[in-house]
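The values are calculated or read from the model by the stated rules, or taken from the named source; none is laboratory data. Note that the structure is predicted; figures quoted are calculated from it, not measured. Heads up, the Cβs are rebuilt from the backbone with ideal geometry, glycines too, and the neighbour counts pull from every protein chain shown.
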Amino acid sequence: ALRATGNNPQMARAQGINTKTMIILGLLISNGLVGFSGALIAQSQSFADVQMGIGSIVIGLASVIIGEVLFGTRNFFNYLISLVLGAITYRIIIALVLKMGMPATDLKLFTALTVAIALALPIFKDYLRPLKKSTEEEQKC
């Protein structure tokens, strides 16, 4: 029921599923897992700080976007593979940038630029597709 609500709320409602309850249940589960993972990290590091998680969401978002743009998503298994490959690609890009000598303080700026480029890539591909077809047609004539 939770998955049906996420995929198609109108159809789930038509099937008699209380979608508001399912949304709250989904938020409850996800926030519980986030809190549990934070507790495990605090326990393993023997301390907790308010600033510990800043940047983690941006890194996760960048990994997801890069994975979806570069490797695509056709089914659930491919989606998981693209997420892992996106995370690996993101880490490789960051390692290369640090190796080139960029200061670590500028990594957030570089992450934002990487995400912006990854988001613009499909639009740029769609823009180039008609241009490529027209040049192929001109070459045939």
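Remarks
- In the range 62-77, the residues that are of a type outside the set (Gly, Ala, Ser) and surrounded by 13 or more Cβ atoms within 10 Å (Cβ to Cβ): Val64, Ile65, Ile66, Glu68, Val69, Leu70, Phe71, Thr73
- Selection within the range 80-115: residues that are exposed (fewer than 12 other Cβ atoms within 10 Å of the Cβ) and within 16 Å of Gly67 (Cα to Cα). The member of this set that is modelled with the highest pLDDT is Ile92.
- Any chance Ile41 is assigned by TED's automatic domain parsing to the domain that holds Gly6, farther than 24 Å from Gly6 by Cβ and modelled with pLDDT of 85 or more: yes
- Filter result for Ile88 (more than 30 Å from Leu109 (Cβ to Cβ) and without any contact (Cβ under 8 Å) to a residue 24 or more places away in the chain): no
Here is a yes/no grid of residues against (1) farther than 30 Å from Ala104 by Cα; (2) part of a helix (DSSP H, G or I); (3) out of contact with any Pro (no Cβ under 9 Å at 6 or more places or on another chain):
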| residue | (1), (2), (3) |
| --- | --- |
| Ala4 | yes, yes, yes |
| Thr21 | yes, yes, yes |
| Phe36 | no, yes, yes |
| Leu40 | no, yes, yes |
| Gly53 | no, no, yes |
| Val84 | no, yes, yes |
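- Residue count for the range 6-36, restricted to those that are surrounded by 13 or more Cβ atoms within 10 Å (Cβ to Cβ), hydroxyl-bearing (Ser, Thr, Tyr) and under 21 Å from the mean Cα position of the chain (by Cα): 0
- Residue in the range 60-82 that is assigned to a helix (DSSP H, G or I), in contact with an Asp or Glu (Cβ under 9 Å, 6 or more places away or on another chain), in the same structural domain as Leu107 (by TED's automatic domain parsing) and small (Gly, Ala, Ser) present: yes
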